[in-house]
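This report concerns only the one structure given below.
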Amino acid sequence: MSTVTVVSSVRDRVGESPVWSVAEQALYWVDINGQQIRCWSPATDTVHSWTVPERVGCIGLTATAGTLVAAMETGIFAVTLLNAPEVRVECLASVTHPAPGMRFNDGRCDAQGRFWASSMVMDMGLASSVGRLYCLDATGLHAVRLDGLQSTPLDGLITPNGLAFSPDGGTAYLSDSHPSVQKIWAFDVDASGNLQHPRLFVDMQALPGRPDGAAVDAEGCYWICGNDAGRVHRFNPQGQLVESLEVPVAKPSMCTFGGANLDVLYVTSIVPGTVDAAAPGLNGAVFALQPGACGVAAPVFTQFPANKP
């Protein structure tokens with residue numbers, strides 16, 4: 001077992017999307033099913049929670065303190081955090097999903113200030129392959145395509161996850177964590193944010209856990225949570241497994257680097273569906289690990305669309 005510290009006494013049903021604010025020296029994350037955005041400050045060791053009107057899959061920072069970008073069920077929103085638990089919500093872009101019962105899931109900002117988010121059918125048991133990857137920039141919300149190819153990983157996503165970018169922004173990573181897939185792909189990213197040259201990065205069928213949320217460190221290594229296996233795996237840029245850290249829950253969900261020196265790995269987690277949310281244990285907690293690596297500061301969303309709904 002790695003040295004693990006529990007940083008939040010709050011237990012999330014589906015803890016996800018941790019992001020560290022360098023400016024505030026604080027950690028933000030969400031509880032998807034609880035419709036909560038949370039923030040923990042290590043300086044005061046306090047957690048504040050805000051209630052949003054829909055399930056929130058992922059969040060990103062903006063340049064305005066107290067305002068986040070959030071991908072929820074019906075679109076992507078600017079969420080201003082007021083006196084907890086109150087928020088002010090402004091729709092930046094609405095979405096028309098290709099099937100009922102969908103929401104946004106994993107996502108993050110890139111270094112150019114765009115916000116990327118993937119979608120999924122909430123009932124994973126349906127194995128519905130209609131999930132998409134979207135990008136929000138100043139021109140609006142766009143479904144990401146890989147033109148000129150007959151079949152790509154972006155066609156037929158079931159549970160898209162693991163979105164991350166290399167430190168130089170030239171490589172994007174994306175996984176599908178559904179039990180029938182369990183693969184991670186890499187793509188080249190051009191100057192306009194187009195994804196090209198898809199390739200299999202890691203097939204996790206032979207490794208412990210399903211590939212969930214991820215982060216990239218300053219050396220370009222890719223860290224991904226092994227959901228159902230209680231592990232966080234580190235792969236080098238060539239897709240080789242470098243190390244695997246254990247956490248005291250079965251379902252770690254996503255990780256991010258933070259702390260004063262960006263040398264702490266924060267990990268959110270999920271309460272298994274067969275376990276009561278109020279049951280004893282650490283399921284749903286947020287953990288801090290000392291991974292022996294440093295991350296890079298999380299980019300902020302700046303490309304607010306000129307035309308809003």
I'd like the Karplus ³J(HN,Hα) series for the range 34-43: coefficients 6.51, -1.76, 1.60, θ = phi - 60°, whole numbers in Hz, and an x wherever there's a Gly or Pro. x, 6, 10, 10, 10, 9, 10, 10, x, 5
Using Cα springs under 10 Å in a Gaussian network model of the chain, which residue among Gly75, Gly220, Gly125 shows the largest mean-square fluctuation? Gly125
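Using a Förster radius of 41 Å, what is the FRET efficiency between Arg88 and Arg199 based on their Cβ-Cβ separation? Nearest 0.05, please. Provide the component values of the computation, followed by the final result.
On the way: r = 42 Å, r/R0 = 1.03.
Between Arg88 and Arg199 the formula returns 0.45.
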Gain in span if fully extended, Leu126 to Gln238, counting 0.36 nm per residue against the direct Cα distance: 37.0 nm
In a GNM of the chain with a 10 Å cut-off on Cα contacts, which of Gly140, Gly60, Gly295 has the highest mean-square fluctuation? Gly140
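Let's test the formula: R0 of 41 Å, r as the Cβ-Cβ distance of Ala143 and Glu219. What FRET efficiency results, to the nearest 0.05? Before the final figure, lay out each step's value.
Details: r = 32 Å, r/R0 = 0.78.
After rounding to 0.05, the efficiency reads 0.80.
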If you stretched the chain out fully between Ser180 and Thr74, how much longer would it get, using 0.36 nm times the residue separation minus the C-alpha to C-alpha distance? 35.5 nm
Through the Karplus equation 6.51 cos²θ - 1.76 cosθ + 1.60, θ set to phi - 60°, convert the phi angles of the range 275-291 into ³J(HN,Hα) values in whole Hz; use x for Gly and Pro. 10, 5, 4, 8, 5, x, x, 9, 4, x, 7, 10, 10, 10, 10, 9, x
Starting from the Cα-Cα distance between Ala99 and Asn307, subtract it from 0.36 nm times their residue separation and give me the gain in nm to one decimal. 72.4 nm
Give the relative contact order (percent, whole number) for the chain; include only Cα pairs under 8 Å separated by 6+ residues. 19
Looking only at Gly292, Gly34, Gly66, which one moves most when the chain is put into a Gaussian network model with springs between Cα atoms under 10 Å? Gly292
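Can you classify the chain as rounded, prolate or oblate using the Cα gyration tensor, where a ≥ b ≥ c are the square roots of its eigenvalues, rounded means a/c under 1.5, and otherwise it's prolate if a/b beats b/c and oblate if not? Don't skip to the end; give the middle numbers.
Values: a/c = 1.27, a/b = 1.06, b/c = 1.19.
Rounded is the answer for the chain, as its axis ratio a/c remains below 1.5.
Where a number appears in this text, it was derived from the coordinates with a stated rule and is not lab data. Fair warning: this is a prediction, and the values are worked out from it, not measured in the lab. Neighbour counts are summed over all protein chains in view; Cβ atoms, including those assigned to glycine, are modelled from backbone coordinates with ideal geometry.
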